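Bear in mind these aren't lab numbers, they're just calculated from the coordinates by the rules spelled out. Note that the structure is a prediction, hence the values are computed from the model and not measured.
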C-alpha cells in the first residue's frame, strides 16, 4: 500500500475514533452520571479522556510500520 494512502486511511481512522469516542463517552456520562457528584464526573472524564489514547496508539503503530519492499 502506498504511504500516502496509508496516511490518509490512518488520519481518517483517527478522526473517526475521536469523534465516535467523544459521542459515546458523553452519552454514557449523561445516561449514567446524571445524579452523581462533581468528583465522579471529574474522575469519569479524566479516565475517558486518557482511555482513547490506547486505540489511537494502535493506529499510529500501524502507520509507523514500514512498507514491504517490492520483490
Gain upon complete extension [residue 53, residue 15; 0.36 nm per residue less C-alpha separation]:
12.4 nm
Which whole-number percent gives the relative contact order of the chain, counting Cα pairs below 8 Å spaced six or more residues apart?
56
Ignoring solvent entirely, what values of log10 I(q)/I(0) come out of the Debye formula for the chain at 0.12 Å⁻¹ when each Cα is a single scatterer?
-0.46
